[in-house]
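Take a look at the structure below.
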Amino acid sequence: MLRNKKGFTLIELLIVVVIIGILAAIAIPKFASTKQKAYMAAMKSDLKNFVTANESYFADYNTYGTYGNVNGAGLFSATTSVTLTSTDATATGFSATATHAAAAGKTCGVYVGNATAPGGLTVEGEVNCW
């Protein structure tokens, strides 16, 4: 009597599991760097939006505002988990830095006018990270 056996052998299943494991080992570090890039993009985006909002604040009050002033005027609010700090807000300029709770040790900054450039920035209005 002839039997028709259908299915996979144990060896075939083990080979598939090993291949999936190798692919996962290659892909997982790529995803980790993608998350880091997303955190950096959130910080940069918030700083660019803060510069725009602060220019609007300047148009209304003839001076640049700190994050508290601009946020209080309803012009800008930072993204969740992004901490934005602004300093040197005067009638002639301001500087700001942003950090993200999940982006360990990374900071982004920007300055406008004659404010002190954070993190050694050299180009006014350009957001950079360090």
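The values are calculated or read from the model by the stated rules, or taken from the named source; none is laboratory data. Source: prediction; values computed, not measured. Every residue, glycine as well, gets a Cβ built from its backbone with ideal geometry; the counts of neighbours run over all protein chains shown.
Conditions tested, residue by residue: (1) more than 30 Å from residue 85 (Cβ to Cβ); (2) of a type in the set (A, V, I, L, M).
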| residue | (1), (2) |
| --- | --- |
| 4 | yes, no |
| 7 | yes, no |
| 15 | yes, yes |
| 22 | yes, yes |
| 27 | yes, yes |
| 30 | yes, no |
| 35 | no, no |
| 54 | no, no |
(request) Consider only pairs whose beta carbons are under 8 Å apart and that are at least six residues apart or on different chains; among these, list those whose first residue lies in the range 101-114 and is under 13 Å from residue 86 (Cβ atoms) and whose second residue is assigned to a loop (DSSP other than H, G, I, E, B) and of a type in the set (S, T, N, Q). (result) 113/90; 113/92
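Return yes when residue 6 is among the basic types (Lys, Arg) and either in contact (Cβ under 8 Å) with a residue 12 or more places away in the chain or part of a strand (DSSP E or B) (or both) and no when it is not.
Judged against the criteria, residue 6 is not a match.
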(request) Would you mind telling me which numbered condition in (1) free of Cβ contacts under 8 Å to residues at least 40 places away in the same chain; (2) in contact with a helix residue (DSSP H, G or I) (Cβ under 8 Å, 6 or more places away or on another chain) residue 83 fails? (result) (2)
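Listed here are the residues, each with its yes/no results for (1) over 28 Å from residue 101 (Cα atoms); (2) charged (D, E, K, R); (3) part of a helix (DSSP H, G or I).
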position: 18; (1), (2), (3): yes, no, yes
position: 22; (1), (2), (3): yes, no, yes
position: 32; (1), (2), (3): no, no, yes
position: 43; (1), (2), (3): no, no, yes
position: 47; (1), (2), (3): no, no, yes
position: 65; (1), (2), (3): no, no, no
(message) If residue 29 satisfies all but one of (1) surrounded by 10 or more Cβ atoms within 10 Å (Cβ to Cβ); (2) more than 15 Å from residue 94 (Cα to Cα), what's the number of the condition it fails?
(response) (1)
(request) For residue 53, indicate whether it is free of Cβ contacts under 8 Å to residues at least 24 places away in the same chain, surrounded by 12 or more Cβ atoms within 10 Å (Cβ to Cβ) and part of a helix (DSSP H, G or I). (result) yes
(message) Among (1) aromatic (Phe, Trp, Tyr); (2) in a helix (DSSP H, G or I); (3) at pLDDT 95 or above, there is one condition residue 94 misses while meeting the rest; what is its number?
(response) (2)
(request) List every residue pair whose Cβ atoms lie under 8 Å apart, where the two residues are 6 or more positions apart in sequence or sit on different chains, the first residue falls within the range 24-42 and is touching a residue at least 40 places away in the same chain (Cβ under 8 Å), and the second residue, located anywhere, is of a type in the set (A, V, I, L, M, F, W, C). (result) 35/102; 36/103; 39/102; 39/103; 40/103; 40/108; 40/129; 42/82
(request) Could you tell me whether any residue of the range 111-126 is modelled with pLDDT of 95 or more, surrounded by 17 or more Cβ atoms within 10 Å (Cβ to Cβ), among the aliphatic types (A, V, I, L, M) and within 20 Å of the chain's Cα centre (by Cα)? (result) no
(request) Within the range 64-110, work out how many residues are surrounded by 14 or more Cβ atoms within 10 Å (Cβ to Cβ), over 15 Å from residue 128 (Cβ atoms) and either over 12 Å from the mean Cα position of the chain (by Cα) or charged (D, E, K, R) (or both). (result) 18
